[in-house]
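Here is the structure we will look at, set down as structure tokens.
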């Protein structure tokens, strides 16, 4: 109720109410608590109120750009089919409530994606979307650092689910690994935001993305999530390689500046957290973790072999395991949705990768800059998912993953509008660089 009062006050006094709803959505995407609906085993949260409010607002303004959307919403199609397939899985599930939860969750994420895409109509809207991501990461990171520093801090219902992992920070997520995976997919976008802020001399964007990147970088350490560390590190290494090996221009220039700054931060980070990282990576319960993950994956594969077609239903693999659900997102999806569901998931990832590849090949430097961040995000996600099921089981993590898809889709759609306007007005030849002064589509 306190949050609703604050939101109402902001809504009444803000110059742009839509942006208030957008910021609130991002801040509360991973908040726990709400009106519990037992039938689908989920909460209706403030996030949902903002989501449906903003969606209806966009529809009422009749400015939702439905035309020529298809090339930029391709990941929605396999996800929608997967949502329909989950309905089939409800009928054979041990716990139908868990199975129905997946249906409502996936359908809500499609609406979330459409809401974001319809909210980004101009480059200024896109810039504000990046700032919203920065605000969300700053909020989660500050809370995570407080939890890490002062273990006695409590924060509403998140402490109801605290386990023996009390020493690991989780922000408002139910598990530290959920926060770690979310940062894997969001931090590369913010790093590219830093480069965009430098190249366009946008001080506000630069300050927000720098603050979010630094706080998020420390926060991901406090999660003790080794999969996230390896995934993010590998993704960033590939991203930097693309910058250094690519053609010249502002991206390469500022990428070198970022690399130098990153090297300094890395040296300072190793000096401060070196022993901490080594102990967690190589000395902390290594044999137990490896053996446990292997056993859980084998149990998940056994479930899949016995339910190849329909699976056992969303959220139901745990009822076939001796300990808990498998900690491998690919095995978990195969076990719960069968071979058809797994194929749809691979199709979904493939469509996402196609968007990233298209962005990296863009002839507009601004688009190419952000798209290279998604190379790190998707690669980090693929690696971290082999040892963590967080994307599949965490509502907040899925929302932030879909945020990334909305960002790249919005970027490509704006690029398409820009190129069409350039071609129509014939202001300049499209020769690899955007130099038109008549059409201010990108900074």
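The values are calculated or read from the model by the stated rules, or taken from the named source; none is laboratory data. Bear in mind that the values here come from a model prediction, so they are computed numbers and not experimental data. All Cβ positions, even for glycine, are placed from backbone atoms using ideal geometry, and neighbour counts span all protein chains on display.
Structure above, values below:
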{"read-out": "Out of 117, 81, sole residue that is at pLDDT below 95 and part of a helix (DSSP H, G or I)", "value": "117"}
{"read-out": "Whichever residue in the stretch 33-47 is in contact with a strand residue (DSSP E or B) (Cβ under 9 Å, 6 or more places away or on another chain) and touching a residue at least 60 places away in the same chain (Cβ under 8 Å) and, among such residues, is surrounded by the fewest Cβ atoms within 10 Å (Cβ to Cβ)", "value": "33"}
{"read-out": "Output for the stretch 322-349, where each listed residue is closer than 17 Å to residue 379 by Cβ and either without any contact (Cβ under 8 Å) to a residue 60 or more places away in the chain or out of contact with any helix residue (DSSP H, G or I) (no Cβ under 8 Å at 6 or more places or on another chain) (or both)", "value": "330, 346, 349"}
{"read-out": "Residues located in the stretch 1-32, provided they are surrounded by 15 or more Cβ atoms within 10 Å (Cβ to Cβ) and part of a loop (DSSP other than H, G, I, E, B)", "value": "28, 29, 30, 31, 32"}
{"read-out": "Residues located in the stretch 194-228, provided they are under 15 Å from residue 407 (Cβ atoms) and within 15 Å of the chain's Cα centre (by Cα)", "value": "212"}
{"read-out": "Residues satisfying the stated conditions in the stretch 79-101, i.e. touching a helix residue (DSSP H, G or I) at 6+ places or on another chain (Cβ under 8 Å) and either free of Cβ contacts under 8 Å to residues at least 40 places away in the same chain or closer than 26 Å to residue 22 by Cβ (or both)", "value": "79, 80, 83, 87"}
{"read-out": "From 113, 150, 107, residue being without any contact (Cβ under 8 Å) to a residue 60 or more places away in the chain, out of contact with any strand residue (DSSP E or B) (no Cβ under 7 Å at 6 or more places or on another chain) and under 18 Å from residue 397 (Cβ atoms)", "value": "107"}
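Residues are listed down the side, and each one gets a yes or a no for (1) modelled with pLDDT under 70; (2) in a helix (DSSP H, G or I); (3) touching a helix residue (DSSP H, G or I) at 6+ places or on another chain (Cβ under 6 Å); (4) surrounded by fewer than 18 Cβ atoms within 10 Å (Cβ to Cβ):
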site: 217; (1), (2), (3), (4): no, yes, no, no
site: 224; (1), (2), (3), (4): no, no, yes, no
site: 269; (1), (2), (3), (4): yes, yes, no, yes
site: 276; (1), (2), (3), (4): yes, yes, no, yes
site: 279; (1), (2), (3), (4): yes, yes, no, yes
site: 289; (1), (2), (3), (4): yes, yes, no, yes
site: 297; (1), (2), (3), (4): no, yes, yes, no
